[in-house]
Amino acid sequence: MDDPPEEAYGRVTNPERFAPLIPAAEELIRDLVSRFDVTISRGPAAPSKSKTVAMLETVRITPVRRDQAPLTITFTSFPGLYLDVGAWQHIALPSCGCDACSEDAESTLRELAEYSEALTAGQLSERITGNLRPVLEHSWDGNGWGRSGKRPLSGERAAELRARPVQPPADGRWRPWSTTPPS
């Protein structure tokens with residue numbers, strides 16, 4: 001909407017418009033497993049903190065090399081997806097879904113494709129800079145698009161992130177995924 005009414009913010013009258021995300025994510029998982037040297041695990045999702053959206057299932061796709069960013073897809077009842085990418089990226093698809101937003105299934109499907117293509121091509125970098133005043137930085141350099149950001153962290157939060165088992169390579173740049181070896 002060009003100038004949505006105030007009541008459109010926070011209201012969701014048609015979440016089912018995002019239903020195509022679910023089969024698209026399933027197709028993406030099949031595609032990634034067929035093209036890349038990865039392991040996959042499926043299981044129940046962690047309980048949701050939301051009172052209205054349930055986490056349904058989590059699919060972890062882990063490349064064979066530690067310098068290749070892992071991808072976790074969590075399916076939600078909205079219907080929607082959460083993508084946990086690399087060490088610290090958390091992406092909601094759709095990002096909002098309220099009636100005031102311009103998101104639709106087509107744009108959200110395009111985002112899913114863009115993120116997965118950039119991920120497998122090694123076009124994500126993440127790092128924490130600074131010790132006294134740590135900053136979490138990320139950059140996506142997709143084909144024809146890009147996103148980046150910086151967020152200040154407390155020293156405690158920076159230490160928590162640095163202690164997680166998945167860490168980006170020393171230079172912050174995740175490497176392209178290895179393709180499936182020929183049979």
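Taking θ as phi - 60° and the Karplus parameters 6.51, -1.76 and 1.60, the scalar couplings of segment 13-22 work out to 9, 9, x, 5, 5, 9, 4, x, 4, 5 Hz in sequence order, x denoting glycine and proline. Couplings 3J(HN,Hα) for segment 172-183, derived from phi with the Karplus relation 6.51 cos²θ - 1.76 cosθ + 1.60 (θ = phi - 60°), are x, 8, 5, 8, x, 5, 6, 6, 5, x, x, 7 Hz, where x marks Gly and Pro.
If only the Cβ of Lys and Arg carry +1 and only the Cβ of Asp and Glu carry -1, the dipole of segment 1-119 around its Cα centre is close to 780 debye. Among 86, 142, 130, determine the one that fluctuates most according to a GNM of the chain built with springs between C-alpha atoms less than 10 Å apart. Evaluated over the chain, the most mobile residue of the options is 130.
A crude spin-label estimate for the pair residue 121 and residue 164, with each label 7 Å from Cα along the Cβ direction, gives 2.4 nm. Among the listed options [x] 1.09; [y] 0.99; [z] 4.16, the one matching Cα Rg over 2.2 N^0.38 Å as calculated from these coordinates is [x]. The local environment of residue 145, defined by Cβ-Cβ distances under 14 Å, has a net charge of -2 under the rule Lys, Arg +1 and Asp, Glu -1.
Bear in mind these aren't lab numbers, they're just calculated from the coordinates by the rules spelled out. Just so it is clear, the structure is predicted and the values come from calculations on it, not from any experiment. Cβ coordinates were reconstructed from backbone atoms using ideal geometry, including for glycine residues, and neighbour counts include every protein chain displayed.
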